[in-house]
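Everything on this sheet refers to the single structure shown next.
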Amino acid sequence: MKLVRKIELLAPAKNLECGIEAINHGADAVYIGAPLFSARASAGNSIEDIRKLTAYAHLFHAKAYVALNTILEDHQLLEAEQMIREIYRSEADAIIIQDMGILKLDLPPIAIHASTQCDNRSAEKVGFLEKAGFSQIVLARELSLDQIKEISACTQVPLEVFVHGALCVCYSGQCYISQALSGRSANRGECAQYCRMPYSLLDSSGKPVVGNKHLLSLKDLNRSTDLESLLDAGVSSFKIEGRLKDLSYVKNITAFYRKKLDEIFERRPEYAPASSGQCTFFFNPDPEKSFNRGFTGYFLKNRDPKMVSLETPKSMGEAIGNIRDLNFNFFTISGVKKVHNGDGLCFINDKKELRGFRVNKVEGNKIYPADMPRLSPGITLYRNFDQEFEKDLLKKSSERKIKVRFLLEENAFGFSLSVTDENLFYSVTTCELKKELSRKDQAENIRTQLSKLGNTPFEAEKIEITLTQNWFIPSSILAELKRKVIESLLSVRKIAFPVSRKKIQQSFHPYPESELSYLGNVANKKALQFYKEHGVQSIDPALEIEMPENPVLMRSKYCIRYQLGYCPKKTENSQELKQPLSLTTGNHRLKLSFDCSHCEMLISKE
C-alpha cells in the first residue's frame, strides 16, 4: 500500500478573525504574527488571540504557527525568550524564526520553522537547518522546480513554498535598501517598500533610458496551475502570502487554493489534506477579484519575461473589456463581464498612469461613473473592486464540517449512542431508561434530533438505528445523549492530536560557509555563538548593527536589463546600454551592476 503524504495549505492571519476564517475556508494551518518581533511589525497579535486561534484550528486538526521572524539585538533576547514561553503555553504548534540566536535561548519544547528570511536557496543550507532541529523550512521564492526537487531529494524535513501573493524583488532576508535609505529595517519588520516606488533608469552619461516607472515592483505570485508539479517535487506545505491582507482576501484566496488542491487529491490518492473537514463555499473563489498587481509564476519553470508591473504597484484587478462608445456622462464596453453599481474600475491613461473611478449606476450596457473620467475608445478597463463579490464575502461565505456517523442501539438497561468521525475517531455514551413502546414511529424524530449539531464542527453523514422495537425515547434524552457523545468525541480528537513538542538539541555540525558577511544578519551575541559553534570562523555584524563600506543593498534574480530587452546573453539584442546604469527616485540614486554568471542584478548606493 502506497504511503499517503499529508499536504498543508497554509494561510495568513492578520488577526484572530482572519485566522478563524482561513480555517473555515479550508486552511490546514495558519500563520499569525507574535506580539513582537514579527516581520510585519504592524501585524502583531496578543497571546490570548493566538490561544483562541490555536484552539479553533485544533478542532479541525489544523495548526497555528506564530511568526517571530525578525533579527534581534542583545537587549531583546530575554523578552523574546519570555514571549516564546507564552506562545508555547498558548499551545501554538510552532514558531517561525530567522535569527539563529533564538536557538541558544532557554526554549520550551516547541517546534521551530525556518523563515524564508533565512535565505533558504540550497540543499546545503536546508540540510544544515534540518540537522539544527528545524521542523519545517520555508524555501526561497526564486527557486525553480528542479532546484526544489534537488533539495527535496537531499533532505527529509518538510518543505514549504509560497504559491500566492506579493513578491519581494530581492532575496528575502537580504534586502537592505529600506535600512540604508530610511533607517527602517526590513529584517525588523519595518520595510519602507522602496521596491514599490517609481524610478528612472539612467545610463552612464545620465541619459534616461526609462523615466518614472515602477522598475522594481514585481507582479504578484500565482502558482495555482503548478500545484501538482510542486507536490511531485516534494513540497509539503503551500503558503499564501498576506499577513497584512484583509478578511475578504484571506477568504477568497484560501478557498481558491483549497478547491485546487482537493481536485488534485481526488485524482491522486497518495496525497491528502493535513487536516479534517470539508468546506462548502457560498461563493465562487476567484483570485483576480482580490488585490493583485497582475500575476507571475516567477522562476518556477523558467524566467518570466514580464514579471514586473511598470505602470503601477497598486491592484488593477481583472480586465473586463475595452471602451466602445463614449457619451458625456456614460460609456459602453466590449466585454462579457457584468458591471455592478458601486464597482471600482481603473485604467492606464495616455500618460501611462493608473486612474480609477467608481461606478454610480448601470443601465443595460450603459455604465455611468460617479465622476466621468477622461476616457477614449479602445482603452482597457479593469475592475479592482467588485461590489457584489465583496458583499458575498461580507456574509458567511463558507462552512467547514467534519462528517460523523451515529449509531443508536439498545442495551439491557437502556440505550447507547456512538459516533464515529471521518478520521475514525470514536466515542460512545449510554443512558438508563425504562423501555416503553411508542404509538408513533420514532425513526424520523430520532434522525431529526441527532442531525441537529448546531455550532459544533460536525455534520451528520449517516444515522443508523438498530432497535428491536419502536421504543419511545424523549427528545430531551436524545439531546442529552448527543451532547455527551459529541463532547466526548471532541476530547478524543484533542487527545489524538497532541501538539508537537520538540526540544531543540545542541548541535555542532558545520555550517556550509566558513565566513559570514553582513548578509548573515548576525545582530546579537547568541547568534554569534551559534555560528561559531558550527564552524564559522569569520563573522561580520548585521548591516543594522554596523554599516559596511559600499554594501550591496539588494541582490535580485530579477533583472531590469532582461525585463527591458537589453540582456547581453540574448543574441537577438542588438542594443547595448552604456554602463554603469543607475536608478533615481526622489533624492536617492542607486547604482546597478550585474552578475551575469549567476543571472543576478545587484543594487548599491552611489
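The values are calculated or read from the model by the stated rules, or taken from the named source; none is laboratory data. None of these values were measured; they are calculated from a predicted model. Positions of Cβ are generated from backbone atoms using ideal geometry, with glycine treated the same way; all protein chains shown enter the neighbour counts. Surface areas here come from the heavy atoms of the whole protein model, side chains and all, with no ligands, DNA or RNA. Shrake-Rupley method; radii C 1.70, N 1.55, O 1.52, S 1.80 Å.
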Inset, instruction - List every residue pair whose Cβ atoms sit under 7 Å apart, with the two residues 6 or more apart in sequence or on different chains, where the first one lies in region 362-386 and is over 20 Å from ASN292 (Cα atoms) and in a loop (DSSP other than H, G, I, E, B) and the second, anywhere, is among the hydroxyl-bearing types (Ser, Thr, Tyr) and open to solvent by less than 30 Å² (accessible area, probe 1.4 Å). - result: ASN365/THR332
Legend entry - Tally of residues being over 29 Å from the mean Cα position of the chain (by Cα), closer than 30 Å to PRO457 by Cβ and basic (Lys, Arg) across region 488-526: 0
Inset, instruction - Hey, can you tell me all the residues within region 537-590 that are of a type in the set (D, E, K, R) and assigned to a loop (DSSP other than H, G, I, E, B)? - result: ASP540, GLU544, GLU546, GLU549, LYS557, LYS569, LYS570, GLU572, GLU576, LYS578
Inset, instruction - Identify, by number, the condition in (1) part of a strand (DSSP E or B); (2) more than 30 Å from TYR558 (Cβ to Cβ); (3) open to solvent by less than 30 Å² (accessible area, probe 1.4 Å) that VAL339 doesn't meet. - result: (1)
Legend entry - region 496-535 - residue that is of a type in the set (A, V, I, L, M, F, W, C), over 23 Å from VAL66 (Cα atoms) and in contact with a helix residue (DSSP H, G or I) (Cβ under 9 Å, 6 or more places away or on another chain) and, of those, modelled with the lowest pLDDT: PHE508
Inset, instruction - Check TYR562 against each of (1) open to solvent by 40 Å² or more (accessible area, probe 1.4 Å); (2) within 25 Å of GLN179 (Cα to Cα); (3) of a type in the set (Phe, Trp, Tyr) and name the one condition it does not meet. - result: (2)
Legend entry - Selection count, region 128-157, where residues are in contact with a strand residue (DSSP E or B) (Cβ under 7 Å, 6 or more places away or on another chain), part of a loop (DSSP other than H, G, I, E, B) and under 22 Å from VAL169 (Cβ atoms): 2
Inset, instruction - Evaluate region 388-396: report whether one residue or more is assigned to a loop (DSSP other than H, G, I, E, B), under 27 Å from the mean Cα position of the chain (by Cα) and crowded, with 20+ Cβ neighbours inside 10 Å. - result: no
Inset, instruction - Show the residue pairs that are 6+ apart or on different chains and have beta-carbon atoms under 9 Å apart, the first residue being within region 595-606 and under 24 Å from GLN179 (Cβ atoms), the second being hydroxyl-bearing (Ser, Thr, Tyr) and open to solvent by 50 Å² or more (accessible area, probe 1.4 Å). - result: MET601/TYR562
Inset, instruction - Being assigned to a strand (DSSP E or B) and polar (S, T, N, Q) is the filter; apply it to region 317-333 and report the residue that is most open to solvent (accessible area, probe 1.4 Å). - result: ASN322
Inset, instruction - Scan region 175-231 for residues that are under 20 Å from LYS557 (Cα atoms) and open to solvent by 50 Å² or more (accessible area, probe 1.4 Å) and report the count. - result: 3
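Conditions tested, residue by residue: (1) within 30 Å of ALA460 (Cβ to Cβ); (2) in contact (Cβ under 8 Å) with a residue 24 or more places away in the chain; (3) assigned to a helix (DSSP H, G or I); (4) under 17 Å from the mean Cα position of the chain (by Cα).
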position: LEU216; (1), (2), (3), (4): no, yes, no, no
position: LEU231; (1), (2), (3), (4): no, yes, yes, yes
position: GLY242; (1), (2), (3), (4): no, yes, no, yes
position: ARG258; (1), (2), (3), (4): yes, yes, yes, yes
position: ALA272; (1), (2), (3), (4): yes, yes, no, no
position: ASN284; (1), (2), (3), (4): yes, no, no, no
Inset, instruction - Would you mention how many residues in region 13-30 are outside any helix (DSSP H, G or I) and open to solvent by less than 10 Å² (accessible area, probe 1.4 Å)? - result: 7
Inset, instruction - Specify the residue that is nearest to ILE95 (Cα to Cα); the eligible residues are those in region 128-137 that are open to solvent by 20 Å² or more (accessible area, probe 1.4 Å) and not polar (S, T, N, Q). - result: GLU130
Inset, instruction - Name the one entry in ARG303, ARG355 that is among the charged types (D, E, K, R), outside any loop (DSSP other than H, G, I, E, B), over 30 Å from GLY26 (Cβ atoms) and touching a residue at least 12 places away in the same chain (Cβ under 8 Å). - result: ARG355
Legend entry - Selection count, region 485-519, where residues are touching a Leu at 6+ places or on another chain (Cβ under 8 Å) and open to solvent by 50 Å² or more (accessible area, probe 1.4 Å): 2
Inset, instruction - Kindly list, by first and then second residue, each pair from a residue in region 192-210 that is free of Cβ contacts under 8 Å to residues at least 60 places away in the same chain to a residue that is acidic (Asp, Glu) and part of a loop (DSSP other than H, G, I, E, B), limited to pairs with Cβ atoms under 7 Å and residues at least 6 apart or on different chains. - result: none
Inset, instruction - Count, please, the residues in region 261-274 that happen to be touching a helix residue (DSSP H, G or I) at 6+ places or on another chain (Cβ under 8 Å) and open to solvent by 10 Å² or more (accessible area, probe 1.4 Å). - result: 5
Inset, instruction - Spot the failing condition for ILE545; the list is (1) over 18 Å from CYS118 (Cα atoms); (2) touching a residue at least 12 places away in the same chain (Cβ under 8 Å); (3) β-branched (Val, Ile, Thr); (4) surrounded by fewer than 16 Cβ atoms within 10 Å (Cβ to Cβ), and only one is missed. - result: (1)
Legend entry - Pairs with Cβ under 8 Å, 6+ apart, first in region 400-424 and acidic (Asp, Glu), second crowded, with 18+ Cβ neighbours inside 10 Å and in a loop (DSSP other than H, G, I, E, B): ASP421/SER276; GLU422/SER276; GLU422/GLY277
Inset, instruction - Considering each of ARG243, ARG258 in turn, give the residue that is surrounded by 18 or more Cβ atoms within 10 Å (Cβ to Cβ) and at pLDDT below 95. - result: ARG243
Inset, instruction - State whether the residues of region 445-466 include one that is without any contact (Cβ under 8 Å) to a residue 40 or more places away in the chain, of a type in the set (Asp, Glu) and surrounded by fewer than 16 Cβ atoms within 10 Å (Cβ to Cβ). - result: no
